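Working notes for the structure below.
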Amino acid sequence: MPQEEKTTATRSNEDRYDAQRIETKWFERWQQDQSLYAAEPNSTKPKYYVLEMLPYPSGALHMGHVRNYSIGDALARYMWMNGYNVLHPMGWDSFGLPAENAAIQNNTPPREWTLRNIANMKAQMKRLGFAYDWAREVTTCLPEYYRWNQWFFLKLYEHGLAYRKKSKVNWCPKCATVLANEQVVDGCCWRHEDTLVEQRELEQWFLRITKYSEELLRDLEKLGGWPEKVRTMQRNWIGRSAGTLVDFDLGGTVGPAGSTITVFTTRVDTIYGATSVQLAPQHPLVADLTANKPELRAQVDRLIAEQRKAREVGDIGEIEKHGVNTGRFALNPFTREPVPIWVANYILMDYGTGAIMSVPAHDERDYEFSKKYSLEIRLVILPKAADLDETVAEPSLPVTTLNGSLVNSGPFNGMDCEEAIQKMSEHAEKHGFGKAAVTYRLKDWGISRQRYWGTPIPMLYCEKDGIVPVPEKDLPVILPEKVDITLTGGSPLGRVPEFVNTICPKCGGPARRETDTMDTFVDSSWYFYRYTDARNDKAPFDSKTVAYWFPINQYIGGVEHAILHLIYSRFWTKFMRDMGLVQNDEPVERLFTQGMVIKDGAKMSKSLGNIVTPDEMVARYGADAARLYSLFAAPPDRDLDWQDAGIEGIQRFLGRVYRFAVRNAPKAPVETQLAASPAPPETSPATSLTPEARQIQRKLHQTIKRVSDDFQGRWHFNTCIAAIMELVNDLYSVENRVARAPSPAEGIPTVLLAESQRALVLLLAPFAPYLAHELWEMLGEKGSLLRAPWPKYDPALAKEDEIELPVQINGKLRSRMVVSADAPEDVVHDRALAEEKIRVALQGKQIVKVIVVPGKLVNIVAR
RNA sequence: GCGAAAGUGGCGGAAUUGGCAGACGCACCAGACUUAGGAUCUGGCGGGGAAACCCAUGGGGGUUCGAGUCCCCCCUUUCGCACCA
């Protein structure tokens, strides 16, 4: 190659990296082939289902989306290149409140607003070059999708898993609708963190997710590919607690005849020490206890106010314990002793039974409370340690250990706590005043929403036949278009007579439709099954097709869905399995939660004005640069601090790659220089290479190894992109050295150069697809880059010939020496001691020990 | 209060099993090419010191030939849980 061509860059337009030109060219080509990223039907390849969480079409993509999809797209492309049949779809979680709010503000119908946003965001995704199979696109707000929500609802109803009940529900005044428990955070609405959720008594549809409480908990053990953090959050949310229900008899003094107070306890072994019963202020019996006692009622109301206030502050744990004595008594069924009934502000109605037995000697809260009100404290458990220690007369209270034995407990004296819990539960059950029980924090999923933009619940109310499901053949129940959606006066659908008024399919008489719509988390509970068979109009999907693709091999999204979407969709899968629709117990094999994109130390948000938009980045730097930077700036599981200057560095790097390729573009078709397959060992044996060529070859194989390893393991794309940069830096540095060399024979063999360029393009393909395609074409390659085999590395060629070993004296660096990489230990040992600097430093000292760590260092211990 | 993760140059971040702390990138400095440079190429770049060297991974102890990495105590940040009976 003539030297003039290899010197530093010239200013010609040809070798300028013009991201817009390259990306526009390929963007247009990709638009013409809609099947480019389609999965192969009847493929013999192994399948791989990679999925990013579908977005809500809010209007435009933000950088968090770009990051999420850049990770998924890199993986999808990598798996394609590794010979997998890849499913990589995308869709729109397109029902929901923002569309209604926008409609109210801009006077645009929700449907129009939503579809316009989808069109915009889809165009953005395409421009960013994400490889989605758009033929499988799912849009949850269209009847072709939501009819299956309705179908599933009917199936749930048939199986007794959907039911209607009147109950206290969470109401957000700003959303003007009911919320699920999962949508309440610290007593406030998940969308309005400053808005306290109210309790309203309403008739609502619930899904019986609690039927699967135990399995949802147990199967978390199977999800080894999930972050431990997410599993812990789900475990906490399900909140399993094993204990005993015990009825305290009221002796007919309170409430209807035979009324009892049922308490839940995990420590029934301490029941002989129960010296009071505590009720939540909202407990139903409180009404009877306070009947004709306005003074008492007022005190209870004060307790309720205290609870509310603590919730508001979001710190119920810090509430000062207060209680009132009702003056009534309940019988401890074990001792037949009457104990006073109190109402206390620290007892929660929504946990357990809303009533507890108070055992001050063996529970910290009960101890604190009973001390305050001078209630009796009765010791019934002796810790083992205190038994042995003669000098301690009384163990310090409260004693909460399970490692003790019972005293003052009648026939149960002397038993271990564990044994006593079992025996006493059996005893209670045998005598009809209790039983072993498991309680969960998880409650049934309330899905009714008093809003317009959602799936209509396919139910009718007939005066004669009561609740009647819409017959399957009448699905979908279409969401009407022209609806007044202002926030006043309950469900908007209730104001559409032609929707509400219908005919009962049973009796033919008049009937009213349900006017609430479904929680949008219903939509996302099963959408990923629909992708496998997205255009099916006979069923939500074909079970055989699902069996081929499921479970999802890799799911990628934000950790904010750890308990909402990710627990609902696990429930949905288990229900569908029990229906025989799917075979898998769990929808997602591996879950990856990427970090947030932040800027200037805060999450990007309009109100803070620290927004960087993808459109802006694509226009200024190109899609490749935006994507590559979102992967390079931080490991994907950590938060990413966006810096505008950082993306410029990435753009420079892409320019360096491009210019190197242009300078060294093959003069003849590649086929004549290089065998068709990338088989480096044969094409360029290490032995005959100049040091420069060998350096490139070694770096090339090391880089392939590093990038491949990262995809297989840690997904630290920041370091593997850094590795590719190092390779490019080495290519530049060798190019420069060769250009300055006296003899042309020092050059890099054309074959090795071509091999390096080819591998470089392949390594970049998952991260920067536009540039990779451009260079692939420039190399004269004809086949699809997406299906080109991922490069292989040869460990022998990746190995260093010589290494620089540090030589330490007492752990301090004193010298360095270059040795052959496989030099035997004794040679390294002798060389180290012969080093000039070492000899000087060791003068007057005595060598105690020499530690040689092959390939790492030498440390001489001397005194 | 309990649990988890994190804390490394001016900045984002490397250091996969205890083995040269600071890879890669940004910013900055210098040189080259240039009418010009917000382009490109080359080199420098933790702090102190003239140098030999010394000091440095939130702070303090410890284990070890050797600690960013392991152990103990403490501080800060983020996240999760929080009177769960």
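The values are calculated or read from the model by the stated rules, or taken from the named source; none is laboratory data. Note that the structure is predicted; figures quoted are calculated from it, not measured. Note that we place each Cβ from the backbone using ideal geometry, even for glycine, and neighbour counts take in every protein chain shown. The accessibility values were calculated without ligands, DNA or RNA, using every heavy atom of the protein model including side chains. Shrake-Rupley method; radii C 1.70, N 1.55, O 1.52, S 1.80 Å.
Report every pair of residues separated by at least 6 positions or lying on different chains whose Cβ atoms are under 8 Å apart, first residue within segment A:540-562 and touching a residue at least 24 places away in the same chain (Cβ under 8 Å) and on the phi > 0 side of the Ramachandran plot, second open to solvent by less than 10 Å² (accessible area, probe 1.4 Å) and assigned to a loop (DSSP other than H, G, I, E, B). Correct list of pairs: empty, since none qualify. Taking into account only those residues within segment A:186-210 that are over 30 Å from A:Q150 (Cα atoms) and open to solvent by 60 Å² or more (accessible area, probe 1.4 Å), which is nearest to RNA strand B (Cβ to nearest atom)? Going through the qualifying residues, I end up with A:D186. Note on segment A:446-507: enclosed strands (runs of 3 or more DSSP E) holding 1 or more residues that are open to solvent by less than 10 Å² (accessible area, probe 1.4 Å) and touching a residue at least 40 places away in the same chain (Cβ under 8 Å) are A:459-462, A:466-469.
Inspection of segment A:350-359 identifies at least one residue that is more than 20 Å from A:R240 (Cα to Cα) and either within 11 Å of RNA strand B (Cβ to nearest atom) or in contact with a strand residue (DSSP E or B) (Cβ under 8 Å, 6 or more places away or on another chain) (or both). Return the residue satisfying two criteria in turn: it lies in segment A:630-652 and is more than 8 Å from RNA strand B (Cβ to nearest atom) and part of a helix (DSSP H, G or I), and of such residues it is farthest from A:N718 (Cα to Cα). Checked segment A:630-652; the qualifying residue farthest from A:N718 (Cα to Cα) is A:D644.
Restricting to segment A:771-819, count the residues that are touching a Pro at 6+ places or on another chain (Cβ under 6 Å) and within 16 Å of RNA strand B (Cβ to nearest atom).
Total meeting the criteria: 2.
Within segment A:211-232, track down each residue that is within 25 Å of A:L156 (Cβ to Cβ) and either open to solvent by 50 Å² or more (accessible area, probe 1.4 Å) or under 18 Å from the mean Cα position of the chain (by Cα) (or both). Of everything in segment A:211-232, those that are within 25 Å of A:L156 (Cβ to Cβ) and either open to solvent by 50 Å² or more (accessible area, probe 1.4 Å) or under 18 Å from the mean Cα position of the chain (by Cα) (or both) turn out to be A:K211, A:E214, A:L216, A:L217, A:R218, A:D219, A:L220, A:K222, A:L223. Selection of segment A:278-303 for residues being away from RNA strand B (no atom under 11 Å from the Cβ), in contact (Cβ under 8 Å) with a residue 24 or more places away in the chain and not in a loop (DSSP other than H, G, I, E, B) yields A:L285, A:V286, A:D288, A:L289, A:L296, A:Q299, A:V300. Report, by residue number, each residue of segment A:251-274 that is out of contact with any His (no Cβ under 7 Å at 6 or more places or on another chain), open to solvent by 10 Å² or more (accessible area, probe 1.4 Å) and closer than 22 Å to A:T401 by Cα. Scanning segment A:251-274 gives A:F264, A:T265, A:T266, A:Y272.
When segment A:336-347 is examined, which residues are found to be within 6 Å of RNA strand B (Cβ to nearest atom) and over 18 Å from A:R267 (Cα atoms)? Those that are within 6 Å of RNA strand B (Cβ to nearest atom) and over 18 Å from A:R267 (Cα atoms): A:N345, A:Y346. For segment A:545-561, the set of residues classified as part of a strand (DSSP E or B) and within 16 Å of RNA strand B (Cβ to nearest atom) consists of A:G557, A:G558, listed by residue number.
Among the residues of segment A:695-720, write down those that are β-branched (V, I, T) and either free of Cβ contacts under 8 Å to residues at least 40 places away in the same chain or farther than 17 Å from A:F660 by Cα (or both).
A:T703, A:I704, A:V707, A:T719
Checked against the criterion of being modelled with pLDDT of 95 or more and in contact with a Lys or Arg (Cβ under 9 Å, 6 or more places away or on another chain), the candidates A:V728, A:V738 yield just one match: A:V728. Within segment A:298-317, is there a residue that is polar (S, T, N, Q) and modelled with pLDDT of 90 or more? Yes; the residues of segment A:298-317 include at least one that is polar (S, T, N, Q) and modelled with pLDDT of 90 or more. Please indicate, with yes or no, whether at least one residue in segment A:782-798 is of a type in the set (D, E, K, R) and under 21 Å from A:Q31 (Cα atoms). Yes, because at least one residue in segment A:782-798 is of a type in the set (D, E, K, R) and under 21 Å from A:Q31 (Cα atoms).
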